[in-house]
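The values are calculated or read from the model by the stated rules, or taken from the named source; none is laboratory data. Fair warning: this is a prediction, and the values are worked out from it, not measured in the lab. Virtual Cβ from ideal backbone geometry, glycine too; neighbours counted across all protein chains shown.
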Amino acid sequence: MAVTKSLDEKLARIHADPLGARDFILADAKDADMALSIGAPGKSPERWPDGEVKHRTLAEFRDIIEEIVRQGLVDIMLMSASTSELLTIQKRIFDGSPVTPAARANDTTDIHIVRGGRYSSQPSMPFRTATLDHIQCGKLTCTPAERALGANLGLYSITFTNDTERDRANLEAYKAFRLEAEAKGFRHFLEVFDPNIDGALAPEQLPGYINDCIVRALGGVTASGRPDFLKIVYHGPRAMEELVRYDPHLVVGILGGAAGTTYDAFKLLGEAKKYGARVALFGRKINNAEHQLAFIRFLRLIADGEVSPEEAVHAYHGTLQALGIAPHRPIEKDMELHTGVMNYAGTGKTISVPPPAGGAKPSSAKPADSSCGCAPAKPGKCDCPARGKPDFSKMTPAEKVAYHRERWNRILG
């Protein structure tokens, strides 16, 4: 039996009530093999002699994707065309799942991140490895019926460099993609990176430049060819509010960039959502987490307004402790904000996330002991699963942390 995808339900509600809908879309970007090559699956958690760094295998990477899809907390799973062929077309893991499969539809040269390479620091050039037919049915030419076999949503990426010839070439390539996508019934979302070269424009002009490039690029695109949503760098409240206010039906999403600290990811999501973002797409931040399923769970709770970013960091560390997993860094360090999300290579600094007032301080509150993981049960406070979902708005930070720690103890043993 076909299952309605959560992405479609949320987009429908957002467009029905752009200013009032509370929906937030989460995507896991597991398409890094079209950028980071051997390092795409992330570092192997195993210890190797002499401190040697090894990476997960592609098979291990894909096994994790299957686990996350089964968890069902993300709305979109973004993959390379080759991974999507295996998991979407052959293994059919998205059948009966609320998660929507998506594939990277182009791979501009600024995401060619290879050891010894310099491509990411040179002006971006348009390039596409995958064809839409290969994404939709796994072969050169699809019949109309076969187009439903694979992914029918793709990520198209553009990096503007403030150079007439280069940007025109990028826009021409995007136009050709849109026309083909419309002819084949293929949906897409648009990723816009900041310029990947030094001196493209003054840093203070960057947020306005990106907003204007997006609006100008889509000004002549009618509804049948427009992206479902955007994926952009979060440049702060003013830039986000400006873009959202310009067109509430232009659904704006943020990209996660380099791994950073747990607080980097959680705070970035919380801040962007506060000022109008409706989508977050995190790749390396999820892939490099100590426990990806737990990390995603707390992203979902922040996106749904059930916990604050600060509460989520403490609860996540509590979950790691309960699972016997050593964190990458102590909580004091994990509560620091770092930068580096302006382009795929993670270079440069961004003005995106303001530091917390007075600095982030680890909570000294200790959760009270109880069978449902929070303070003694009270009406409207913390409810055990048998009594239904708790009312997070009436819980203290310590109660929220304890509830989620206990919940993960039950789920993961």
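Before moving on, here are some points about what is shown:
- Residue within segment 95-109 that is crowded, with 20+ Cβ neighbours inside 10 Å and over 30 Å from Leu171 (Cβ atoms) present: yes
- Candidate set: segment 84-124, residues that are out of contact with any helix residue (DSSP H, G or I) (no Cβ under 6 Å at 6 or more places or on another chain), part of a helix (DSSP H, G or I) and not hydroxyl-bearing (Ser, Thr, Tyr); chosen: the one nearest to Arg284 (Cα to Cα): Ile111
- On inspection, Arg178 qualifies as among the charged types (D, E, K, R) and closer than 30 Å to Gln205 by Cα.
- Condition check for Glu191: under 22 Å from Leu268 (Cα atoms), in contact with a strand residue (DSSP E or B) (Cβ under 6 Å, 6 or more places away or on another chain) and crowded, with 16+ Cβ neighbours inside 10 Å: yes
- The condition (being out of contact with any strand residue (DSSP E or B) (no Cβ under 7 Å at 6 or more places or on another chain), of a type in the set (Phe, Trp, Tyr) and crowded, with 23+ Cβ neighbours inside 10 Å) is satisfied by just one residue among Phe282, Phe266: Phe266.
- Taking every residue in segment 53-73 that is in the same structural domain as Ala289 (by TED's automatic domain parsing) and within 16 Å of Thr83 (Cβ to Cβ) and pairing it with any residue that is modelled with pLDDT of 95 or more and among the basic types (Lys, Arg), at least 6 positions away or on another chain, the pairs with Cβ-Cβ distances below 7 Å are Ile65/Lys30.
- Among residues of segment 274-308, those that are more than 29 Å from Ser44 (Cβ to Cβ) and touching a residue at least 40 places away in the same chain (Cβ under 8 Å), counted: 9
- Test result for Glu290, at pLDDT 95 or above, of a type outside the set (Lys, Arg), in the same structural domain as Leu190 (by TED's automatic domain parsing) and over 29 Å from Pro18 (Cβ atoms): yes
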